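Report on one structure; see the data block that follows.
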Amino acid sequence: MQELKAFVKSRQPVNLLVVLANIVVFVVLSLLGNTEDGYFMYRHGACVAESVQAGEYYRLFTSMFLHFGFEHIVYNMLILIYLGDALEKAVGKLRYLVIYLGGGVIGNIVSVVIELQKGESAISAGASGAIFAVVGALVLIVVINKGDLEEFSGRRLLIMAALSIAQGLTETGVDNRAHIGGFLAGFVLAFLLGSAGEAARRQKRRRE
């Protein structure tokens, strides 16, 4: 129990709330039905291109907090608790939240637009688009600052992103369009928000 308390106290507050929100939603939906059932997830806010086109824009947001089964949420939250903490520590609460939520929504928009253009239809959900936005922001920060960000290096982050995308390409049911869209959105949002400069200032203060 002490180890758990210490772990929670060491986390960044906004990222921890985001992780907990995802977990709470998953637990509630698991009690209500089957989170691996596409229609059940659709009824509770998963993203479908045709529905978004018809005006159900809320799905671009709600789908970010839905996960298809236990393995899906465990995988995403393990990555988020690590990378999300690094970004929030580097750029602060507000910038982190804008990058996470904004990047996730933009990633979903990219996916919807491409699906509509191709005439495809799929039920999608998950935090991975937003997580890729976090990765994109971290990559920008270490590239501009020409070095490591705490325990991260640009090479390590690029390898992590490449492996995640490669995994998506080799597995079925993974929305790589949202991944790539989220990554690019996080990169651009971090630039527009001046995240690299803020990260450098915060890191300098910690070293003094």
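The values are calculated or read from the model by the stated rules, or taken from the named source; none is laboratory data. Every value quoted in this text rests on a predicted model; they were computed, and no experiment measured them. Counting neighbours? That spans all protein chains shown, and the Cβs are built from the backbone with ideal geometry, glycine included.
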When you go through S30, S63 one by one, which is the residue that is touching a strand residue (DSSP E or B) at 6+ places or on another chain (Cβ under 6 Å) and either of a type in the set (S, T, Y) or surrounded by 14 or more Cβ atoms within 10 Å (Cβ to Cβ) (or both)?
-> S63
Kindly indicate the residue of the range 33-44 that is free of Cβ contacts under 8 Å to residues at least 40 places away in the same chain and surrounded by 15 or more Cβ atoms within 10 Å (Cβ to Cβ) and also farthest from the chain's Cα centre (by Cα) among those meeting that condition.
-> F40
Evaluate the range 64-86: report whether one residue or more is of a type in the set (S, T, N, Q), modelled with pLDDT under 95 and under 17 Å from the mean Cα position of the chain (by Cα).
-> yes
List the pairs whose first member sits in the range 91-114 and is of a type in the set (K, R), whose second member is buried (at least 22 other Cβ atoms within 10 Å of the Cβ), and whose Cβ atoms are under 6 Å apart, counting only residues at least 6 apart or on separate chains?
-> R95/S195
Residue ID - nearest to G45 (Cα to Cα), chosen from residues in the range 112-148 that are in a loop (DSSP other than H, G, I, E, B) and modelled with pLDDT under 90 | A122
So is N15 buried (at least 17 other Cβ atoms within 10 Å of the Cβ) and not hydrophobic (A, V, I, L, M, F, W, C) or not?
-> yes
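Residues are listed down the side, and each one gets a yes or a no for (1) closer than 26 Å to E198 by Cβ; (2) surrounded by 22 or more Cβ atoms within 10 Å (Cβ to Cβ):
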residue: Q53; (1), (2): no, no
residue: E56; (1), (2): no, no
residue: H72; (1), (2): no, no
residue: L78; (1), (2): no, no
residue: G84; (1), (2): yes, yes
residue: K93; (1), (2): yes, no
residue: Y96; (1), (2): yes, yes
residue: I99; (1), (2): yes, yes
residue: G102; (1), (2): yes, no
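Quick one: which helices (runs of 4 or more DSSP H) sit completely within the range 1-85 and have at least 2 residues that are of a type in the set (K, R)?
In the range 1-85, 2-9 are the helices (runs of 4 or more DSSP H) which contain 2 or more residues that are of a type in the set (K, R).
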Determine which member of the set S121, S111, S128 is within 11 Å of the chain's Cα centre (by Cα) and among the hydroxyl-bearing types (S, T, Y).
-> S128
